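**Q** Quick one: the structure is below, and I'll ask about it shortly.
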Amino acid sequence: MRVPLSWLKEFVDITLPVEELAERLTRAGLECEGIERIGIEGADLPWDPEKIVIGSILEVRRHPNADRLVLADVDYGAGAPHTVVTGAPNLFPYKDKGRLPQPLKGVFAREGAELYDGHAEGWVKMRLKGRLVRGIMSDAMLCSEKELGLSEDHEGILILPDDAPVGMPLRDYLGDMVLKFDVLPNMARCLSILGVAREIAALTGAPLRMPEMTVVEDGPPIEGRVRVTIEEPDLCPRFTATLIEGVTVGPSPLWMQRRLIMAGMRPINNIVDISNYVMLELGGPNHMFDADRVADQHLIIRLARPGERLVTLDNKEHNLDASLGGGMLPLLVCDPQGPLSLAGVMGGASSEVSATTTRVLLEVAVWDPTIIRRMSSALRARSEASKRFERGVDYELPPLVQRRALSLLQRIAGGRVAKGMIDNYPRPWKPVTLDLTPREVRRIIGISLSAAEIADLLRPLGFACDLIDNGAAVRVTAPSSRRDITMLADLCEEVARMYGYDRIPLTLMADALPEQRNNPSLELELRVRDLLAGAGLDEAITYSLTSMAAVAAVNPADADASLYLRLANPLTPEREYLRRSLLPTLLEALAQNLRERERVLLFEIGRVYLKRAPGSDDPRPEEPRRLALALAGRRYERSWHTPDETVMDFFDLKGIVETLLARLNVSGVQFIPLTDDPRFHPGRAARLERDGRVLGVIGELHPEVCERLEIAVPRAMAAELDLELIGALVEPVRYRAISRYPATTQDLSLVAAITVPADRVAATIRKYAGALLESLTLFDVYEGEQVGAGKRSLTYRLVFRAPDRTLNDAEIAKIRQKIVRGLEYDLGATIRG
Amino acid sequence: MSLIDQLNQLEQEALAALERAADLTALAEWKSAYLGKQGALSRLSRGLGALPAEERPAAGARFNAVRATLEQALERAEAQLKRIARQHAFEADQVDVTLPGRAPAIGRLHPTTQMLRTIYSVLGEMGFQVWESPEVETDEFNFQLLNMPPDHPARDMWDTFYIDTAPGEPTLLLRTHTSPGQIYAMRANAPNPVRAILPGKCYRYEQVTARHEMQFFQVEGIAIGEQISFADLKGTLVAFAERLYGKGVKTRFRPSYFPFTEPSVEFDIECFLCGGAGCRVCKHSGWLEILGAGMIHPTVLRNGGYDPEKVSGFAFGMGPERMAMLRYGIDDIRWFFSGDERFLQQF
Ligand SMILES: [Zn+2]
């Protein structure tokens, strides 16, 4: 809401500096987002009071040497008139008419004045310099609106009203400030100058003034000439109508145009401008019909009927069906012949006020916010009027709006006002009355006030307050302008607001600490993040939304749209589906980073969104948390220390995953070859399983995936794990007593078929070694001629230790013998040493 | 020459020879020549027995003194030589300490994660515990139970992504705030008191710009109990702000509007970028909006299973990305979800 200061000052005296006022209002809940200055100090173009003044154009003469220019003699209050050379087309009609009987008023700028260049694109400042124009000295000018920064218009000069005082600095005449407020839904009452003024009056104690409302009802009575029928009283609780006849349509006065412009609206003509002006001023939207275009002067408020159509003011034709009412039939103002307007939202073209209108039928109504909201949403046209109706307009306001509008119409457009007002008020305002106790204020706000103090805070806002029960409570009745007040908490807020939020003390909760509980799922996330960062991975958070194309780039088989939750209103096709895997978005990030750097390690913890089976009780999808890892590039950062140029491969990622599981104390996870997953290299991928449950997958990306993602490095690795399953497998850490006896180390080298997986060899060794084996480390793997085709050698270090004694050689030899036989028997391995 | 004289002469000769020994080998030779079993001193000692008994004590004493002198001199010479040898070794082993070190590869947590952890820890000390809830929500939980029935004008404050559902199925949407979590946390605890932090991803149907993302995190806190007032909310928020932004940070409370709180408040801190003088980031107001808060609306309390006439509570919400942007001076929110290492590796 843009509020010109000059307008506001008509309603309430403002003695505070404007910045301070803005801060006061902000602290009272009406946030001032900025102050715009026009012509005054601090404005983008301050009008120099010495050099830009009001001038009186006494005579317009022809230019001796140019047909497109004229000479204007301007009296600007400083002795002799000054001759100005101008090409303003709106002065040409006065050319060679001699001394004008009624001088025109304009804005006179002298040499040195700073103005906007009227002919330049945009807003370019220039300083007025004297120069010869076709032989005549030009060192002053008559300004256009653009040159003053008032509007884009630079066709002609700005003509001021006849009563503009000659010689007055323009700054003092048209300079102004606009306060820009962010009006939240509960402050709908402040969508008007009156509403803002009322807040200021309540805060500062200054009296509130109402504007001129005098109307001379010099026409015949309206009764019997205009009829109003409300068929939908729940949707139209009040409808008032008045009639003014013999108006003259024309431009509205400058002051009104200026205020409309400053408030953000475009002046059209005096009738429309007055309608808008009164809406902005009092907060009551209204509609002006050309009465001659309303059949029988009978307005009928009803729902649309099948097949009805309406061309609205913006010349769009609408089918008046339920699609226009968001599922409800649209509410219309009609005459007996059909629809005239969409109630409270937009007028119709057929009954619009035009240049030839002489009789105006003025509608001021209160509409149900819901139907207005639905219609304006469906129309995608949120007008100034619908914005106010949606938030709720004061039921008692319409007569005031009628009077103010008629008063302005009569003064500005002339005409006779019909006696009386049609007031159809089927659902009168029911005032809300609440009993507020000091105890409740203390309970909710935490301040101790007496009932009388509470009443004193509320009264300036227009609340009627009576002390009841011997001063134990205040009976509060909200004014009709406060439709937002429905319960005690609303009143508590008003009390707190008027008391001042900043004055309320700071206390810490005194009540008992609620029961505290563990959060294993959060703790798991914290640990996993720390472990992975410790392992050298950076944490990414990517979008939960993706596209089928991005999914298909990783795995065409996953791109089955029917499995995914899809947005009904996506912003872009790239973010249309809720992900079922973290890999598409994380691998995009991997690919992106690889264009910039040689080594990338990323992880993400986030949710995936899985549709539930049809018929499930909960309509929401499942949202299990996943962990994804992605890495590629050099194993070591390039540095002068490490000549190692190797790139990461499957085992770098596997090592990270194994370490993570080990540190989480998740044991018994098997890596089972994964040969048929299109995402992965068939010989370098595994499924992680524990007791037959799949925990996730890990592998080197399939070269085709890399091609589609434009990953150019030789190997890129990815894994995706189910964090919920892993979390369930975490076992508590148990301390093992540390033996004080020495360990015995044995190396064991064996040759087995390549088809025997290493984890089977290790398991076999463990099985036969028994409880005395403390650790088992594979430290050499060799394939080659020496061991023969189809075979490989594996060398392990075994560390044995007993908790209670030193192991002797005979014991160790016996165990070793068992292991060797076991390996030979179970795996067909041979021992090399 | 008397034995004593011979001893004196030997002492001088040996000390002179020691001076000339330039390395450890020479020292070893010197040692065996003078102090060894077959060395000069031992040879002279054999003459002790031939001395008359009354001369023997003096000669013996002198003999011991010379041995001690030589042994000490040897020790000193050895130490000196070792010092020199080590010095040479140091010189050979010297490095350019300005060369870069071997950096352990330690990853980094996302700035949002770091901000969330700070929030959890500060609020955790006040008894608030993390409570998570779904991102895909029903209209009921995202709006209706939070005092926004259908057609409520405040719904305009949240532009919403809707899920494409079959006709007849319940409306699903991406939560526009973590506030639905309030209902879950309340229902799990009512009628007992609760203090919860509700973190998580939220979504808004909003054009993505440097300042607005379609996806962002939010953290809400709620506290419900028998005697919780607006003054407690103020105290809690100021304590929180002082932990995050320093003791004595200037704060401002101003009335605001949220459909699920009444009264509602916007909490600002003095802009730490310009010290309150006004800058681009604070839109020249001198204040930074840090969070929105209020006393939980009676309808919401009731929907959560509480009796609003018996208990009261407050709620507050904040955006960790915005807080991180202010803390680190990040000018574009889009980096947060880019997965770009140039961004991630700065925190
Ligand atoms: Zn600032």
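The values are calculated or read from the model by the stated rules, or taken from the named source; none is laboratory data. Fair warning: this is a prediction, and the values are worked out from it, not measured in the lab. Glycine gets a Cβ as well: all are built from the backbone with ideal geometry, and neighbour counts include every protein chain shown.
**Q** So B:M325 ticks every box in (1) touching a residue at least 24 places away in the same chain (Cβ under 8 Å); (2) more than 9 Å from chain A (Cβ to nearest Cβ); (3) outside any loop (DSSP other than H, G, I, E, B) but one. Which box is left unticked?
**A** For B:M325, the failing item is (1).
**Q** Let me ask you something else. Residue under question is A:Y768, and the condition is that it be over 30 Å from A:E598 (Cα atoms) and not in a helix (DSSP H, G or I); does it hold?
**A** When the stated conditions are applied, A:Y768 does not pass them.
**Q** Mind checking which residues of the stretch B:190-213 are within 9 Å of chain A (Cβ to nearest Cβ) and either among the aliphatic types (A, V, I, L, M) or without any contact (Cβ under 8 Å) to a residue 40 or more places away in the chain (or both)?
**A** If the condition is that a residue be within 9 Å of chain A (Cβ to nearest Cβ) and either among the aliphatic types (A, V, I, L, M) or without any contact (Cβ under 8 Å) to a residue 40 or more places away in the chain (or both), then B:N192, B:V194, B:A196, B:Q207, B:V208 are the ones that fit.
**Q** If A:Y768 satisfies all but one of (1) of a type outside the set (G, A, S); (2) surrounded by 14 or more Cβ atoms within 10 Å (Cβ to Cβ); (3) within 15 Å of A:G833 (Cα to Cα), what's the number of the condition it fails?
**A** (3)
**Q** Here's another thing I want to ask about it. When both residues are 6+ apart or on different chains and their Cβ atoms are under 8 Å apart, which pairs have a first residue that lies in the stretch B:278-299 and is without any contact (Cβ under 8 Å) to a residue 24 or more places away in the chain, and a second that is more than 16 Å from the ligand (Cβ to nearest atom) and among the β-branched types (V, I, T)?
**A** From the stretch B:278-299, no pairs qualify.
**Q** While we're on this one: Being of a type in the set (D, E) and either within 13 Å of chain B (Cβ to nearest Cβ) or in contact with a strand residue (DSSP E or B) (Cβ under 9 Å, 6 or more places away or on another chain) (or both) is the filter here; which residues of the stretch A:428-458 pass it?
**A** Once the filter is applied, which keeps residues that are of a type in the set (D, E) and either within 13 Å of chain B (Cβ to nearest Cβ) or in contact with a strand residue (DSSP E or B) (Cβ under 9 Å, 6 or more places away or on another chain) (or both), the stretch A:428-458 yields A:D435, A:E440, A:D456.
**Q** If you don't mind, another one. Suppose the filter is at the interface with chain A (Cβ under 10 Å from one of its Cβ atoms), of a type in the set (G, A, S), away from the ligand (no atom under 16 Å from the Cβ) and surrounded by 21 or more Cβ atoms within 10 Å (Cβ to Cβ); does B:G317 pass it?
**A** Judged against the criteria, B:G317 is not a match.
**Q** Of these, B:M323, B:M295, B:M318, which one is modelled with pLDDT under 95 and closer than 26 Å to B:P263 by Cβ?
**A** Going through B:M323, B:M295, B:M318 in turn, just one is modelled with pLDDT under 95 and closer than 26 Å to B:P263 by Cβ: B:M323.
**Q** Taking the stretch A:389-441 on its own, how many of its residues are of a type in the set (G, A, S), in contact with a helix residue (DSSP H, G or I) (Cβ under 7 Å, 6 or more places away or on another chain) and not in a loop (DSSP other than H, G, I, E, B)?
**A** Here the count works out to 2.
One line per residue, one yes/no per condition, for (1) surrounded by fewer than 23 Cβ atoms within 10 Å (Cβ to Cβ); (2) modelled with pLDDT under 95; (3) at negative phi; (4) of a type in the set (D, E, K, R):
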| residue | (1), (2), (3), (4) |
| --- | --- |
| B:T209 | yes, yes, yes, no |
| B:E220 | no, no, yes, yes |
| B:F230 | no, no, yes, no |
| B:T236 | no, no, yes, no |
| B:Y245 | yes, yes, yes, no |
| B:G248 | yes, yes, no, no |
| B:H284 | yes, yes, no, no |
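**Q** Quick check: is even one residue across the stretch B:268-286 within 7 Å of chain A (Cβ to nearest Cβ) and of a type in the set (S, T, N, Q)?
**A** no
**Q** Determine, yes or no, whether A:A496 is among the small types (G, A, S), under 15 Å from B:S312 (Cα atoms) and at the interface with chain B (Cβ under 7 Å from one of its Cβ atoms).
**A** No.
**Q** With respect to A:T477, is the statement that it is more than 7 Å from chain B (Cβ to nearest Cβ), more than 34 Å from the chain's Cα centre (by Cα) and in contact (Cβ under 8 Å) with a residue 40 or more places away in the chain true?
**A** yes
Per-residue answers, yes or no, for (1) over 30 Å from B:T236 (Cα atoms); (2) at the interface with another protein chain (Cβ under 7 Å from one of its Cβ atoms); (3) without any contact (Cβ under 8 Å) to a residue 40 or more places away in the chain:
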residue	(1), (2), (3)
A:L506	no, yes, yes
A:N518	no, no, yes
A:A540	yes, yes, no
A:S547	yes, no, yes
A:A550	yes, no, yes
A:A568	yes, yes, yes
A:E576	yes, no, yes
A:L583	yes, no, no
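**Q** Is it the case that A:L128 is at pLDDT 90 or above, surrounded by 15 or more Cβ atoms within 10 Å (Cβ to Cβ) and over 30 Å from A:L397 (Cα atoms)?
**A** yes
**Q** Turning to a different aspect of this structure: Restricting attention to the stretch B:110-135, and to residues there that are at the interface with chain A (Cβ under 9 Å from one of its Cβ atoms) and free of Cβ contacts under 8 Å to residues at least 40 places away in the same chain, which single residue is surrounded by the most Cβ atoms within 10 Å (Cβ to Cβ)?
**A** This residue is B:T113.
**Q** Restricting attention to the stretch B:228-251, and to residues there that are within 7 Å of another protein chain (Cβ to nearest Cβ) and without any contact (Cβ under 8 Å) to a residue 60 or more places away in the chain, which single residue is nearest to A:E494 (Cα to Cα)?
**A** B:A231
**Q** Something else: Scan A:T675, A:T642 and give me the residue that is under 30 Å from A:A763 (Cβ atoms) and part of a loop (DSSP other than H, G, I, E, B).
**A** A:T675
**Q** I've got another one for you. Would you check if B:G107 is outside any loop (DSSP other than H, G, I, E, B), within 30 Å of B:P199 (Cβ to Cβ), within 14 Å of another protein chain (Cβ to nearest Cβ) and not acidic (D, E)?
**A** Against the criterion (outside any loop (DSSP other than H, G, I, E, B), within 30 Å of B:P199 (Cβ to Cβ), within 14 Å of another protein chain (Cβ to nearest Cβ) and not acidic (D, E)), B:G107 does not qualify.
**Q** Is it the case that some residue within the stretch B:194-202 is out of contact with any helix residue (DSSP H, G or I) (no Cβ under 9 Å at 6 or more places or on another chain) and more than 16 Å from the ligand (Cβ to nearest atom)?
**A** Within the stretch B:194-202, one or more residues are out of contact with any helix residue (DSSP H, G or I) (no Cβ under 9 Å at 6 or more places or on another chain) and more than 16 Å from the ligand (Cβ to nearest atom).
**Q** Just one of the numbered conditions (1) among the β-branched types (V, I, T); (2) out of contact with any strand residue (DSSP E or B) (no Cβ under 8 Å at 6 or more places or on another chain); (3) touching a residue at least 40 places away in the same chain (Cβ under 8 Å) is not true of A:V657; which one?
**A** (2)
**Q** Name, by its number, the condition in (1) part of a strand (DSSP E or B); (2) closer than 30 Å to A:A28 by Cβ; (3) not acidic (D, E) that does not hold for A:R189.
**A** It is condition (1) that A:R189 fails.
**Q** To continue, here is another question. Can you find, within the stretch A:553-566, the residue that is nearest to the other protein chains (Cβ to nearest Cβ) among those that are among the hydrophobic types (A, V, I, L, M, F, W, C) and in contact (Cβ under 8 Å) with a residue 40 or more places away in the chain?
**A** A:L565
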